[in-house]
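The block underneath contains the structure these notes are about, expressed in structure tokens.
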């Protein structure tokens, strides 16, 4: 009696899952939150899938370090084509193009440079030009792409970690965690311009 009840239940789950996967495959836009959910469900037993931390499996590269040697588009293609490095112990997942794109979007999202940029967009872009081009919205706010011409990296790190205080009335006082500071520095180093 129990066995007869389980088969229709499993069939229903399989049909439901198939419909969900088909719907995802029909949407070509990368979905970072879907990629996060897929990574948590399938990748987290071996990989650190968040913005920091060590992987549970020593040989598994943490997601936040994956783009050091490979571009995100290469990772997406490798996921889709089951292209793994020699002697890799990673299981093969049959991913749809949408799923591979979403996991790659999540991997891009957790990279230190992207994380640092999001922190600056949230906290600083109202007044500062935080990109490689453009003017600061506030006329007295320095361009972040030129900060390292005037301040050594350790001074910028210290200011962000201990809190930036100025006599300027528009400047909020805020502090960052060690991880946030490190990721902001990675981003800042990537946009510095030569004058």
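Of these, 100, 141, which one is under 18 Å from residue 33 (Cβ atoms) and buried (at least 17 other Cβ atoms within 10 Å of the Cβ)? I'd like the intermediate steps shown before the answer.
Working: 141 fails: under 18 Å from residue 33 (Cβ atoms).
So the residue among 100, 141 that is under 18 Å from residue 33 (Cβ atoms) and buried (at least 17 other Cβ atoms within 10 Å of the Cβ) is 100.
Of all helices (runs of 4 or more DSSP H) completely enclosed by the stretch 1-103, which ones contain at least 3 residues that are at pLDDT 80 or above? Give the steps one after another, and end with the answer.
Values: elements: 2-26, 32-42, 72-81.
Counting at least 3 such residues, we get 32-42, 72-81.
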Item to complete: Taking residue 130 as the residue in question, decide whether it is part of a loop (DSSP other than H, G, I, E, B), at pLDDT 90 or above, under 20 Å from the mean Cα position of the chain (by Cα) and in the same structural domain as residue 184 (by TED's automatic domain parsing).
Response: yes
Discussion item. Which of the numbered conditions does residue 170 fail, given that it passes all the others? Conditions: (1) over 27 Å from residue 110 (Cα atoms); (2) surrounded by 11 or more Cβ atoms within 10 Å (Cβ to Cβ); (3) touching a residue at least 40 places away in the same chain (Cβ under 8 Å).
Written reply: (2)
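Looking at 54, 48, 41, which one is surrounded by fewer than 18 Cβ atoms within 10 Å (Cβ to Cβ), closer than 19 Å to residue 182 by Cα and out of contact with any strand residue (DSSP E or B) (no Cβ under 9 Å at 6 or more places or on another chain)?
Working: 48 fails: surrounded by fewer than 18 Cβ atoms within 10 Å (Cβ to Cβ); 41 fails: closer than 19 Å to residue 182 by Cα.
Of 54, 48, 41, the one residue that is surrounded by fewer than 18 Cβ atoms within 10 Å (Cβ to Cβ), closer than 19 Å to residue 182 by Cα and out of contact with any strand residue (DSSP E or B) (no Cβ under 9 Å at 6 or more places or on another chain) is 54.
The values are calculated or read from the model by the stated rules, or taken from the named source; none is laboratory data. Note that this is a predicted model, so its numbers are computed, not measured. Don't worry about glycine lacking a Cβ; one is built from the backbone with ideal geometry, like all the others, and counts go over all protein chains shown.
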